[in-house]
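**Q** My structure is below; once you've seen it, I'll send some questions.
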Amino acid sequence: MSETDFLSAIEATLADSARADGEMGRRAQTVLRCAGWLEEGHARRGYLVGMDLGGTKLLAALATPDGSIVAEWEAATKDYPNGPLGQVDDMVAKLLAKGGVTLDQVAQIVIGVPGVVARDGSVSLSPHVDFPAGQSFSATLEDALGVPVAVDNDVNVAAFGEYASRRADGLHTLAFAALGTGIGMGLVVDGQVLRGVHGAAGELGVIPFGADPAAAYAANPGGAFEATVSTRGILARYRAAGGKAESVRAIFDAAEAGDRVAADVVDQSLRDLAIGLATVVALIDPGLIVLGGGIGARPGVAAKVESWLGRLVPTQCRVLPSQNGARAGLFGALAKARKLAIAGVVRREVELLRGAAA
């Protein structure tokens, strides 16, 4: 490969390393081998760490540069003396020990967290995990570990994982909706996660639909739409209709068994969900909405929502269940770590070439 071709490969990969497939992928691999990041499939300093930090548990995985998982660790989210910083630090040490890898072999760490992540890496609006207020979670971890760390909202990370796993379909814009106790959304537009000015893009729950917005927000910080289509909202609707079920799972089971009241509640709830999702289709025309979480994973839910959606918007949009299930956040963190690691290598090579040409 000539120097001109090498520079072209670097620039093409840097422009969009998330789409490095086909010819671009081959060129990207050449770039990485020239940079010494990949050596016959072995990483000199190219291992990746992905983490999904939730309110109840922390999932972590260690992977090679091509994304192959070599070690995993799971632990309950605990109250460490220095909070989540201490737990992440402890988890990284245990994960690397299990995988037989040292910290200086890690190229990138990505962590999905249940909160709004600002541009400086600080985390807010996270009621179940006590992040340090006004402090960059990512920068503090980078200083402690000496490894690049990126932090993002957990649904954003899961959305990127769904995008990465479906990239072969040629789709570069999608929405991922996590439906359960709350409702959250991650948006990937042209291969990039859409965050917004405050890091809160995709906060679908606060759409003023389904209830009195002011009253719903006072009773449920997730917002009016979340109060309507979350597990709590579906339960409230069912009980108001005279039902006695104690869980949303039981309501769906009853609907499938022929319970008319349960079936009506499920249909109404999925119709309302489709109306909320229609606003997303109208704004970003995603082509695909992926449903995750306890509600989104139910058999038949995606098909029913797609049917309703087809009556509400003129543009076609598929609705499918998550391919990654409960591990969507973990896979997304690894996919994001790989993208950032590749971009980091490419940037270093560009700087070296520019330096040599100066």
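The values are calculated or read from the model by the stated rules, or taken from the named source; none is laboratory data. Worth saying up front: this structure is predicted, and the values here are computed from it rather than measured. Neighbour counts run over all protein chains shown; Cβ positions are idealised from the backbone, glycine included.
**Q** Which one of 272, 267, 212, 190 is surrounded by fewer than 14 Cβ atoms within 10 Å (Cβ to Cβ) and touching a residue at least 24 places away in the same chain (Cβ under 8 Å)?
**A** Residue meeting the stated conditions: 267.
**Q** Take residue 346 and tell me if it is touching a helix residue (DSSP H, G or I) at 6+ places or on another chain (Cβ under 8 Å) and touching a residue at least 40 places away in the same chain (Cβ under 8 Å).
**A** Against the criterion (touching a helix residue (DSSP H, G or I) at 6+ places or on another chain (Cβ under 8 Å) and touching a residue at least 40 places away in the same chain (Cβ under 8 Å)), residue 346 qualifies.
**Q** Okay, next question. For segment 246-350, which helices (runs of 4 or more DSSP H) that fit wholly inside it have 1 or more residues that are under 20 Å from the mean Cα position of the chain (by Cα)?
**A** The helices (runs of 4 or more DSSP H) meeting that bar are 260-284, 293-296, 301-312.
**Q** Name, by its number, the condition in (1) closer than 18 Å to residue 332 by Cα; (2) touching a Ser or Thr at 6+ places or on another chain (Cβ under 9 Å) that does not hold for residue 211.
**A** Failing condition for residue 211: (1).
**Q** Let me ask something else about it. With the checklist (1) modelled with pLDDT of 90 or more; (2) surrounded by fewer than 18 Cβ atoms within 10 Å (Cβ to Cβ); (3) closer than 19 Å to residue 281 by Cα in hand, flag the one item residue 148 doesn't pass.
**A** (3)
**Q** Given (1) assigned to a helix (DSSP H, G or I); (2) touching a His at 6+ places or on another chain (Cβ under 9 Å), where does residue 158 come up short, assuming only one miss?
**A** Of the numbered conditions (1) assigned to a helix (DSSP H, G or I); (2) touching a His at 6+ places or on another chain (Cβ under 9 Å), the odd one out for residue 158 is (2).
**Q** Determine the pairs where a residue that is more than 27 Å from residue 133 (Cα to Cα) and in the same structural domain as residue 152 (by TED's automatic domain parsing), located within segment 97-118, has a partner that is small (Gly, Ala, Ser) and not in a strand (DSSP E or B) with Cβ atoms under 8 Å apart, the partner being 6 or more residues away or on another chain.
**A** 103/146; 104/146; 105/46; 107/46; 107/337; 107/341; 107/344
**Q** Return the only residue of 164, 178 being buried (at least 20 other Cβ atoms within 10 Å of the Cβ) and out of contact with any strand residue (DSSP E or B) (no Cβ under 7 Å at 6 or more places or on another chain).
**A** Answer to the selection: 164.
**Q** Give 251, 289 a once-over and let me know the one that is in contact with a helix residue (DSSP H, G or I) (Cβ under 7 Å, 6 or more places away or on another chain) and over 25 Å from residue 166 (Cα atoms).
**A** 251
**Q** Looking at this structure, is residue 222 outside any helix (DSSP H, G or I), outside the structural domain of residue 128 (by TED's automatic domain parsing) and crowded, with 20+ Cβ neighbours inside 10 Å?
**A** yes
**Q** Turning to a different aspect of this structure: Under 6 Å between Cβ atoms, at least 6 apart or on separate chains: pull out the pairs that start in segment 282-302 with a residue that is crowded, with 16+ Cβ neighbours inside 10 Å and end on any residue that is acidic (Asp, Glu) and in a helix (DSSP H, G or I).
**A** Close Cβ pairs (under 6 Å, with a partner that is acidic (Asp, Glu) and in a helix (DSSP H, G or I)) amount to 290/162.
**Q** Would segment 304-325 turn up any residue that is small (Gly, Ala, Ser) and surrounded by 22 or more Cβ atoms within 10 Å (Cβ to Cβ)?
**A** Scanning segment 304-325, I find at least one residue that is small (Gly, Ala, Ser) and surrounded by 22 or more Cβ atoms within 10 Å (Cβ to Cβ), so the answer is yes.
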